[in-house]
Every structure is written in C-alpha cells, then in structure tokens.
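Quick notes on the structure that follows.
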Amino acid sequence: VEIEQSVREKTMSPPSGSPLEWLAEQAQARADDGSSRVLNPRAGDSGLIDFASNDYLGLSRDPRVIAAAIEATTCYGFGATASPLVAGWTNEHEMLVGDLAAFEGTEAAVVFSTGFAAVAGAIASLVGPGDAVYNDRLNHACLIAGTRMSGATLRVYPHNEVNRLDESIRRDRAGGRYRRILIATDTVFSMDGDLAPLVDLVDIANRHQAILMVDEAHATGVFGPEGRGAAAALGVAEQIDVKAGTLSKALGSIGGFIAGSKLLIDHLINRASTLMFSTALPPAACAAARMALSISRAEPWRRERATGLGDQLRLGLREQGWEIRASQGPIVPLIVGEAVAAVELSNRIRAEGYLAPAIRPPTVPRGTSRIRLSTSAANMEEQVRGLVHVIGRNEASTGQC
Ligand SMILES: *Cc1c(COP(=O)(O)O)cnc(C)c1O
C-alpha cells in the first residue's frame with residue numbers, strides 16, 4: 001500500500017522542472033470539470049447486460065466465429081509476422097478481400113489492421129497539399145486524422161447540411177482554389193445514430209467532380225439488403241468512389257477495409273502508409289470476419305432484431321421524456337447535457353446490472369454529454385424493458401411528451 005501511495009504521488013506531481021509538468025495541470029483541470037476518463041476492465045462474463053458494445057449482431061461470441069479463428073490460428077500461428085507487402089498477407093487475407101469485394105459489389109477490396117487505419121490511410125493517399133477534404137462536423141476522429149495526415153486543407157460543414165456544403169464547394173471551384181476535393185462522411189454517425197443524406201452527397205460530388213468517400217463502420221452488417229450498408233439501403237452504393245468499413249463492429253472481429261475499383265485498391269496497396277508500414281491483421285481476425293460476414297448474410301433476423309430493439313428502446317425512452325433525436329437502427333443516444341450528470345446516470349444504470357457508457361466531450365460537443373445505448377441481436381425485449389424502467393423518467397423534462 002505504501003508503495004502504491006508513493007507511486008501515485010509521483011504520478012500526480014512530477015518533480016518541478018520536468019518537461020512533463022504540464023500533465024499534472026491538465027489532469028487537475030479534467031478532475032475539476034468532471035471529464036477525467038479511466039479504463040474500466042470487464043470480466044469475460046461480467047454479468048452485466050450489454051447495451052454498450054458495437055457487437056450489433058452478437059457475432060463476437062458466436063461459436064462458428066470462434067471456431068474459424070481457432071482453425072486459422074492453428075494453421076498460421078497468431079500474429080501475421082510482417083506487413084502485408086513483406087510476408088504478412090496470407091490466404092486468409094486474400095479470401096477475405098475477395099468476399100468483401102463480392103459483398104460490396106466492387107471490383108476489389110483491401111484490409112487494414114483497424115478501421116481507423118483504413119480510413120485515415122485511404123484519405124492520406126488520395127489527397128495532399130493543394131487539395132481539400134470536406135468533413136461533416138460529426139465525422140469520426142479517424143476521418144479528421146486522415147485529413148490532417150494528408151496535408152490537405154481541412155474543411156468542415158455543419159452536420160448533414162448539404163446546401164452549405166454545396167455552396168462552399170461551388171465557391172471553391174469558381175475560385176479555382178483546390179486541385180482535388182474529397183467529400184468524406186460517416187454513413188451512420190457513431191454517437192448519434194442518424195444517417196448521412198447520401199443521395200444529396202452523391203449529387204453534389206457529381207456536380208463538382210469531387211471524390212466521395214463514405215465510412216460505413218456502424219452500417220456494415222446492420223443497414224441495407226444483406227447488411228450491405230447505408231449506401232445500399234439508400235440505393236446509391238454504386239455511386240460511391242471510396243467505401244470504408246470495419247470488421248470490428250457488427251462483424252465481431254478486428255480490422256478495417258476499403259472497397260472500390262481495382263485502380264483505387266492498387267493505389268492504396270502502393271501508397272497507404274497505414275497499410276505498408278504496419279503488421280498485417282492476424283489471420284484469425286480475417287477468418288473470424290469471413291465467417292461473421294457469411295452468417296450475417298444468411299441470418300437476416302440478427303439485423304432485424306438489433307434494429308427492432310433499437311426502435312423499442314427509442315419509443316420507451318421518449319415516452320419517459322428523454323430527448324433521443326433522429327437516430328435509426330441500434331444506436332440510441334440519450335442526451336443528458338452535462339458530463340457529470342451523464343456519468344452519474346451511467347453509474348446508476350450499471351449498479352442495476354446494465355452496461356451503458358457515458359459519452360463526454362471531446363467525443364461529443366459540450367453540453368450534449370449522453371448515454372450512448374446500443375442494442376444487439378444478443379439482447380432480448382425484456383432486457384430493453386428493464387433498461388427503460390431503470391433509466392426512469394427524465395426529471396429535467398417538462399413531462400408533456
Ligand atoms: C469505430 C469507427 C471507426 C474505427 O474502426 P475500428 O475498426 O474500431 O478502428 C472508423 N469510423 C467510424 C465512423 C467508426 O465509428
């Protein structure tokens with residue numbers, strides 16, 4: 001205990017003059033405004049009912065997915081041992097990208113070690129200084145990181161406001177400001193669960209000769225026919241230049257992918273630094289993702305259940321005076337407001353046996369701290385009823401909903 005104590009003191013106040021002294025000030029500021037975060041380990045079976053994960057189809061624990069991972073591990077070992085262009089690319093990788101391209105209806109696909117790496121690497125290899133990337137204000141951090149990494153100008157348009165986007169690009173084009181323009185958007189916004197206006201975005205991209213890239217991380221496996229994503233659901237899948245997705249959410253594995261033309265994928269294999277200079281995915285992750293993809297296509301009840309339970313949850317919470325906004329599918333954001341209040345509510349829910357995380361700035365804008373609930377095929381109707389009951393009425397609401 002004594003040692004722990006002295007370690008803690010050391011951690012919280014580095015010797016004066018240390019170049020990292022400013023860390024202590026920042027830690028204090030976080031403690032003061034209630035925004036400190038800690039890693040909360042969970043047990044393999046925590047006993048908590050999960051409304052927190054992105055395992056929308058309940059596939060991460062599916063015995064068939066686990067068996068596929070074990071079989072690939074037995075055959076190849078666990079690690080891929082090298083980057084894809086050196087020696088890390090196995091038959092499992094090759095079969096997976098074949099399946100992904102067939103699923104997405106594109107000529108080709110390639111996988112990266114995470115969705116973050118796929119999106120950031122793709123953006124940074126398609127644009128550079130002298131170009132511009134238009135990002136929706138609520139885009140996931142990896143699109144912003146990719147834009148910064150590329151050296152292109154970062155442009156941000158207000159959430160889903162296509163007229164503002166159209167007008168800005170029109171002025172850029174009239175002024176001859178940029179060589180290439182890339183429009184990049186999440187298709188399902190991760191903290192809000194609403195959809196991007198993809199039909200309008202396709203039209204804007206076409207009219208201004210802009211590249212359109214969509215990130216289907218929360219849509220793959222969940223939205224559209226066979227779970228092919230929000231672009232497929234809205235009938236514009238074939239008009240997207242660059243499609244990004246993740247293997248880490250509904251597919252229950254780990255990794256990210258880009259699907260598109262053969263020319264695009266060849267370019268990424270030759271240019272995307274996050275692919276070239278990072279060890280390839282474990283073969284087991286590829287095998288697990290392939291199995292999950294085939295289950296997802298063959299068992300549509302999974303996405304129907306995840307979405308149906310999302311609808312049930314939205315309805316139940318609205319009836320109790322909570323603001324839910326325009327979410328669709330399994331993501332249900334319960335807006336609380338202040339960070340401290342969101343953490344309190346999350347803790348109260350946890351004490352009743354439900355796992356539901358508080359999401360605070362900088363992940364979401366100030367004043368919109370929330371409980372980000374997500375339903376999955378592994379949840380049951382009575383669990384949703386139980387959760388709604390535990391959350392209770394929104395005391396801050398006027399009561400007239
Ligand atoms: C989760 C997420 C990612 C990152 O995917 P990982 O596979 O977890 O790295 C990328 N984009 C969006 C929109 C996401 O929600």
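No lab work stands behind these numbers, since they all come straight from the coordinates. Please read these numbers as outputs of a predicted model, since none were measured by experiment. Every residue, glycine among them, receives a Cβ derived from its backbone with ideal geometry; neighbour counts consider all protein chains shown.
The figures follow:
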| quantity | calculated |
| --- | --- |
| Efficiency of FRET from Cβ geometry, ARG297 and LEU154, R₀ 35 Å, rounded to 0.05 | 0.40 |
| Share of alpha-carbon pairs per 10 Å distance bin for the range 141-256, given as whole % | 13, 45, 33, 9, 1 |
| Environment charge at GLY353 (Cβ cut-off 14 Å; Lys +1, Arg +1, Asp -1, Glu -1) | 0 |
| Length released on extending from PHE78 to GLU381, taking residue separation times 0.36 nm less the Cα-Cα span | 105.3 nm |
| Relative exposure of ILE331, ILE204, judged by other C-beta atoms within 10 Å (fewest first) | ILE204, ILE331 |
| Relative compactness, the chain, computed as alpha-carbon Rg over 2.2 N^0.38 Å | 1.03 |
| FRET efficiency, 1/(1 + (r/R0)^6) with R0 60 Å, evaluated for ARG173 and ALA67 via beta carbons | 0.65 |
| Ascending count of other beta-carbon atoms within 10 Å, so fewest first, for CYS286, CYS142, CYS75 | CYS75, CYS142, CYS286 |
| Viscosity 0.692 mPa s, 37 °C: Kirkwood-radius Stokes-Einstein D of the range 40-163 over Cα pairs, µm²/s | 182 µm²/s |
| The chain: relative contact order in percent, alpha carbon pairs under 8 Å with at least 6 residues between | 22 percent |
| Helical mean residue ellipticity (222 nm; -39500 (n - 2.57) per DSSP H run of 4+; nearest 500) of the chain | -13000 deg cm²/dmol |
| The range 11-55 - convex hull of alpha carbons, volume per residue in Å³ | 138 Å³ |
| Overall dimensions of the range 295-370 by Cα: Rg and Dmax, Å | 14.2, 43 |
| Burial ordering of ARG297, ARG314, ARG30, fewest other beta-carbon atoms within 10 Å first | ARG30, ARG297, ARG314 |
| Fully extended contour minus Cα-Cα distance, from ASP45 to ALA351, at 0.36 nm per residue | 108.6 nm |
| Value of D in µm² per second that Stokes-Einstein yields for the range 197-236, Kirkwood Rh from Cα pairs, at 25 °C (0.890 mPa s) | 234 µm²/s |
